[in-house]
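> What follows is a structure written as structure tokens; I'll ask about it next.
The values are calculated or read from the model by the stated rules, or taken from the named source; none is laboratory data. Just so it is clear, the model here is predicted, and its values are computed rather than measured. We place every Cβ from the backbone using ideal geometry, glycine too, and count neighbours over all the protein chains shown. Protein only, heavy atoms only, side chains kept; ligands, DNA and RNA dropped before computing areas. Shrake-Rupley method; radii C 1.70, N 1.55, O 1.52, S 1.80 Å.
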Amino acid sequence: VLPRMQLSPAFSLTDQNNGRLTSEDLRGKFVLYTFMYTNCPAPCYNINETMQEVQSRLDEVELDGIEVSFVTISFDPDRDTAEVLRTYAKSINANTNRWSFATTTNKSLLKTIIGSGFETYYEDKGNGEFSFAPSFMLVDGWGIVRAEYRYQTEASDADRILRHLGVLAEEVRNNTGSAKLAYEAAHLFLCYSE
């Protein structure tokens, strides 16, 4: 089982198609979030590669029809307009039916969503560059953060994310009827035993 870490933040952002993307739009889906800016150097390439690999390997996971979405939130709204995000998505061959690129021009709100909400921190260095640690957040259909991927381990991020998607799907399968009580007890015991 995966721990229920915290509620993911509520938000309303503008996506690459200049449409509104809200946290409520994503309810009922598993969502993999990441945070970056389109002009960033090498760490962003690894982020995109991981997102693309997870997308391309979703058929390896028994999801029972649960939809998986991908959201990249840019913390550089001055340059990352909807048009720039759309061009960027095309340049990396992102499947935008499943993967959204979004931001908001309200920098204070952006800091609250990413920094306070997802506990992912970044700093504007003032020269068009940002200092940040690449990370991913896996959120379940109820809007609860279930896993974070901030550090490199022996297993690739994509392998760990796919394994955790399978665990979440299994949780949904086991979370009905009398099995729900046994599952919840196991969840509490395994995740919060200390």
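> If you project the alpha carbons of the chain onto the principal axes, what extent comes out on each, in Å, largest first?
Principal-axis extents of the Cα atoms in the chain, largest first: 55, 35, 34 Å.
> Compute, for residue 100, the solvent-accessible surface of its heavy atoms (probe 1.4 Å) with the complete set of protein chains present, and express it in square angstrom to the nearest 10.
My reading of the accessible area for residue 100 is about 20 Å².
> Right, next: Accessible area per residue, 1.4 Å probe, Å², for region 1-152: what's the number?
Working: 7320 Å² over 152 residues.
I get 48 Å² per residue for this part.
> Ignoring ligands, DNA and RNA, please state the percent of accessible area on the chain from carbon and sulfur, probe 1.4 Å. Don't skip to the answer; put the middle values down first.
Details: 4860 of 9910 Å².
C and S fraction of accessible area: 49 percent.
> Right, something else. So for the chain, averaging the separation of alpha carbon pairs under 8 Å that are six or more residues apart and normalising by length, what relative contact order in percent results?
About 33 percent, as a whole number.
> Quick check on region 15-82: take the gyration tensor over C-alpha atoms, sort the square-rooted eigenvalues as a ≥ b ≥ c, and tell me if it's rounded (a/c under 1.5), prolate or oblate. Kindly include the intermediate steps, with their values, before the conclusion.
Values: a/c = 3.03, a/b = 1.35, b/c = 2.25.
Oblate, because a/c is 1.5 or more while a/b does not exceed b/c.
> Moving to a separate point now. Tally Lys/Arg at +1 and Asp/Glu at -1 over every other residue whose Cβ is under 9 Å from the Cβ of residue 158; what's the total? Present the calculation step by step, with values, prior to reporting the outcome.
On the way: positive: 57, 160; negative: 49, 53, 157, 159.
Overall, the nearby charge balance is -2.
> Considering the chain as a Gaussian network with a 10 Å cut-off on Cα pairs, which listed residue, 172, 139, 71, attains the greatest mean-square fluctuation?
Maximum among the listed residues: 172.
> Once you sort the root eigenvalues of the Cα gyration tensor of region 107-175 as a ≥ b ≥ c, which label holds: rounded (a/c under 1.5), prolate (a/b larger than b/c) or oblate (the other case)?
Values: a/c = 4.41, a/b = 1.72, b/c = 2.56.
Oblate, since a/c reaches 1.5 and b/c is not below a/b.
> Which whole-Hz couplings ³J(HN,Hα) result when phi for each residue of region 34-41 is put into the Karplus expression 6.51 cos²θ - 1.76 cosθ + 1.60, θ = phi - 60°, listed in order with x for Gly and Pro?
Ordered by residue, 3J(HN,Hα) equals 8, 9, 5, 9, 5, 9, 7, x Hz.
> Please list, ordered by chain and number, the residues whose modelled amide H lies under 5 Å from the amide H of residue 144; skip anything fewer than 5 residues away on the same chain.
8
> Roughly what would the spin-label model give for residue 6 and residue 124, points 7 Å off Cα along C-beta, in nm?
2.3
> Here's another thing I want to ask about it. Considering only 5, 108, 126, whose Cα is most displaced toward the positive end of the charge dipole of the chain, charges sitting on Cβ of Lys, Arg (+1) and Asp, Glu (-1)?
Projecting each Cα onto the dipole axis, the largest value belongs to 108.
> Say we join alpha carbon atoms closer than 10 Å with springs in a Gaussian network model of the chain; which of 176, 22, 96 then has the biggest fluctuation?
176
> Where does the chain land at 222 nm, in deg cm²/dmol rounded to the nearest 500, when only DSSP H runs of n ≥ 4 count, each adding -39500 (n - 2.57), divided by all residues? Please list the in-between numbers first.
On the way: 5 runs with 63 residues, N = 194.
My calculation for the chain gives -10000 deg cm²/dmol from helical runs alone.
> Quick one: among 58, 21, 168, which has the greatest mean-square fluctuation in a GNM of the chain with alpha-carbon springs under 10 angstrom?
58
> Nearest-5 percent of antiparallel DSSP beta bridges in region 1-145? List each step's numbers first, then the result.
Numbers: 15 of 26 bridges.
Approximately 60 percent, going by the DSSP bridge assignments.
> Quick one: how many Å² of residue 29 are accessible to a 1.4 Å probe, rounded to 10?
40
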